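One structure is given here, and the rest of the page talks about it.
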Amino acid sequence: MVDLESEVPPLPPRYRFRDLLLGDQGWQHDDRVQVEFYMNENTFKERLKLFFIKNQRSSLRIRLFNFSLKLLSCLLYIIRVLLENPSQGNEWSHIFWVNRSLPLWGLQVSVALISLFETILLGYLSYKGNIWEQILRIPFILEIINAVPFIISIFWPSLRNLFVPVFLNCWLAKHALENMINDLHRAIQRTQSAMFNQVLILISTLLCLIFTCICGIQHLERIGKKLNLFDSLYFCIVTFSTVGFGDVTPETWSSKLFVVAMICVALVVLPIQFEQLAYLWMERQKSGGNYSRHRAQTEKHVVLCVSSLKIDLLMDFLNEFYAHPRLQDYYVVILCPTEMDVQVRRVLQIPMWSQRVIYLQGSALKDQDLLRAKMDDAEACFILSSRCEVDRTSSDHQTILRAWAVKDFAPNCPLYVQILKPENKFHIKFADHVVCEEEFKYAMLALNCICPATSTLITLLVHTSRGQEGQQSPEQWQKMYGRCSGNEVYHIVLEESTFFAEYEGKSFTYASFHAHKKFGVCLIGVRREDNKNILLNPGPRYIMNATDICFYINITKEENSAFKNQDQQRKSNVSRSFYHGPSRLPVHSIIASMGTVAIDLQDTSCRSASGPTLTLPVEGSKEVRRPSIAPVLEVADTSSIQTCDLLSDQSEDENTPDEEISSNLEYAKGYPPYSPYIGSSPTFCHLLQEKVPFCCLRLDKSCQHNYYEDAKAYGFKNKLIIVAAETAGNGLYNFIVPLRAYYRPKKELNPIVLLLDNPLDDLLRCGVTFAANMVVVDKESTMSAEEDYMADAKTIVNVQTLFRLFSSLSIITELTHPANMRFMQFRAKDCYSLALSKLEKKERERGSNLAFMFRLPFAAGRVFSISMLDTLLYQSFVKDYMISITRLLLGLDTIPGSGFLCSMKITEDDLWIRTYARLYQKLCSSTGDVPIGIYRTESQKLTTSESQISISVEEWEDTKDSREPGHHRSNHRNSTSSDQSDHPLLRRKSMQWARRLSRKGPKHSGKTAEKITQQRLNLYRRSERQELAELVKNRMKHLGLSTVGYDEMNDHQSTLSYILINPSPDTRLELNDVVYLIRPDPLSYLPNSEPSRKNSICNATGQDSREETQL
């Protein structure tokens, strides 16, 4: 073994322990040199300069002493004037000589000596090589004039009574005051506004002018009227105010000349000061000044940080923020780096906002601007991204830096951050609340394809409204739609609630149903006191505790509600609800005791993920009674809970043909093996067992694995969902995952086609003619335009083209500005749309925040703007749970035991339920689902307009003759134009018009003329719709695509759709109503004894990949 001690060199002698004890004697012979730094500051001049100039606090004391000395000299001058007796006579000697007592002379000499010594010393210390620059300075000249005569009088006693204009020291005091303010700012590390400094300088200048004029007039009038100081003050005020009474006037030519000189000086100095003051005032109006420290400590305020402030963003924030009663006393401080535009300035001058909103021009990356906004005292800071920029990633980077700067300056200030790209979200993970725009946007677009108008449902839930919109409208649907739009999500502790306190110890579904039946509120979720996770509809197994926080949907929160007892009504309902009231017995036990055979039992078979089947009871026996609904149990019966394993998909494959079973074997359920960005929530979903090659993802190009070049050739069993986007960004992950979630059956999975460009040929190849939905995502390149509202121009025109070419296609569009929704599916002469436009203006005049809600495309869920979700971030300041609930509803987050949003359609077999309350009971008692609203579609009774009538001369002529079966008109024609007898006059005029046009052409002889005339007549007879249909069919034939299934006659304008959130219990159900449901988590019904099967399947799909996604 190598001796380690031999390899380590010994320590130098000076580092030995012996030397440390006895002292190092060898350093004297060391060749090293000790270097001292900053020797230039050790000189006498540098030390004086450090004390008088460089050091902030000592310099401030010197300035204060100098200022006090100048004021003392002016005070001594006034004392000398007051003690002097006015002498008789008009001799000029009275101008040059005064009566000065010996003590007063001694004081003035002492002040002069100190002032002159200080002036010379400061001039020496600030000397930089040019002595004439120091001597010719005005402060130095004034100091010489006021101090040197007193010093000379020491050596020449006869000059003790010589007049010295000591009152000019007021200008030196003004100069010392300016320097003192600068040193004060440096010493205390706080800067007053430039406006304050300029006002102080202006006031001091005015005082110096007036004081100089008073003393000068009084002294020069010693040979005239013998004016005292008060008369001189009166004369100066009257003269400078341009009043000029004339009762006091100067007599001597010297005093008159002095007044002229002072007026000239005032005319030069004061305008300059006022100009600087006006300039600073205008700059302050632009920058916004400061937020008062006293106000920040006594009042509450929030800070809004934006890169550019638009009027729409400002009004959305103010209307939503101040819609909550407890926020009325808050101040809003806006911190924006750009200058306030004209519209924002005009709005902030309204008295309602001018007293509560403060605009500061500054950057969140500067501590000085954050100090102006009093960020460390703010209740919250909202940081919003600029979505109108072309480079949205750059906009996110700016938002991230603002969030970091605020967190560094005020660590305790709650942060509410809006981010655009999901891949940038992990940089601001420290923020209290984060809303990622693309996450919510794609999730809502995806759910719109499954649950119609999900975007409208979420938008109405996150907007604050009193439900008064549309109440003065003559149409019933607008009244119902407007009243139900006032429903919002609120929370309350169970034991403190009148709604839910009586349901302690009972199941969640029991509490939800009976609370809706009794109070009309919809209980949608709970949260344990010791748990941060919110559970949406945890199911009938969940037992309510006294400390649970209940989340419910209602018009207003319980604290603002009044309750009226109805004892008589309760007594009358006792007998009627004997068997449908609360009971701890199992449902089948109650039914057996009643002796009823053919009524709906609680389904004990495997739960179907596609939705509950609300069908009539089985017929075939005369003893069958009328359909009834089982009661909702207080505590779930373990024998009636569905315990099937959904992962096995047995319920889906029981009635499936063999070929479908073999295709289904290619799928498995598990977590996605890869996460597109950090921070994505892992979701259990349908996966392919084998990864598809990248070349097979191109639908329009064949590869070595398949030879298909269009969607029709693939033979998809379900209709397509087409996504038209500019780029395939990471946000598409949130579009795909909700459509492939594990709780959706395989037979209902729709193929998803991503269309990065949408010319007509690509649209036809990707199967637009048989697609279920087409989602048009707003393109980033069009979000920035010279005119703000023109950012949606390209998207609107493209969607309008799709609407005209494929009128049967369900198009879901995203816009940048909500105001542009009125142009979707635009019809210039649609009287009904014009009436809705007038209704929107009236609602806006009444102060509604949801004036756009009555637009038919928005009400039907065919268009939405992501800017509508800005209110979600604003509401989180009052309701910190809103973002979590919205993410659970959209499927962005999955929590074990929490339900999900789905829908079911009311068919003719379900109309026996009759009312929404009975439907609520049916769902809670059978499947545990909680309904939260209805999507209703009605036939639109429109006034016939020219744009809705398709004039076809061929159809008018063909009614006289029998037509072949293959040429019959489509049954999907608009109802306003399907009946030929509705408008006989219009038909007749169109015929005359077509014939008249056909006669205007030149007459040709023979068959050529007849052929040309016939072709021209056929051209005139074609309607616009037929031309578009022929264009599409010809293009499909050219591409080799089949035209079967192309329906050019269907028109969505014949119907209108709207949402009823939490309707009243007695609301009648109608055919084709779509009911929004929050369905319990299917995995929560898995028995505890069977976790191995679930784990085995999860491991088969990749256990390591699941761990990678949980970041």
Förster radius 22 Å - calculated FRET efficiency between Lys479 and Lys838, Cβ distance, rounded to 0.05: 0.85
Accessible surface, per residue, of region 434-558 when the full set of protein chains is kept, probe 1.4 Å, Å²: 31 Å²
Taking N as its residue count, the alpha carbon Rg of region 394-454 over 2.2 N^0.38 Å: 1.35
Whole-angstrom gap from region 385-454 to region 507-543, using each part's C-alpha centre: 30 Å
Apportionment of accessible area to carbon and sulfur, region 88-163, percent (1.4 Å): 72 percent
Total formal charge among the other residues, if their Cβ is under 15 angstrom from that of Leu162, Lys/Arg +1 and Asp/Glu -1: +3
Accessible-area composition of region 347-433, carbon plus sulfur, in percent [1.4 Å probe]: 53 percent
Cα centroid separation, region 897-936 to region 820-846 (Å): 33 Å
Antiparallel %, DSSP beta bridges [both residues in region 662-776], to 5: 35 percent
Whole-angstrom gap from region 665-679 to region 682-707, using each part's C-alpha centre: 14 Å
Accessible carbon and sulfur surface of region 475-544 relative to its total accessible area, %, 1.4 Å: 43 percent
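The values are calculated or read from the model by the stated rules, or taken from the named source; none is laboratory data. Since the structure is predicted, the reported quantities are computational estimates derived from the model, not experimental observations. Every residue, glycine among them, receives a Cβ derived from its backbone with ideal geometry; neighbour counts consider all protein chains shown. Note: areas computed on protein heavy atoms with side chains; ligands, DNA, RNA excluded. Shrake-Rupley method; radii C 1.70, N 1.55, O 1.52, S 1.80 Å.
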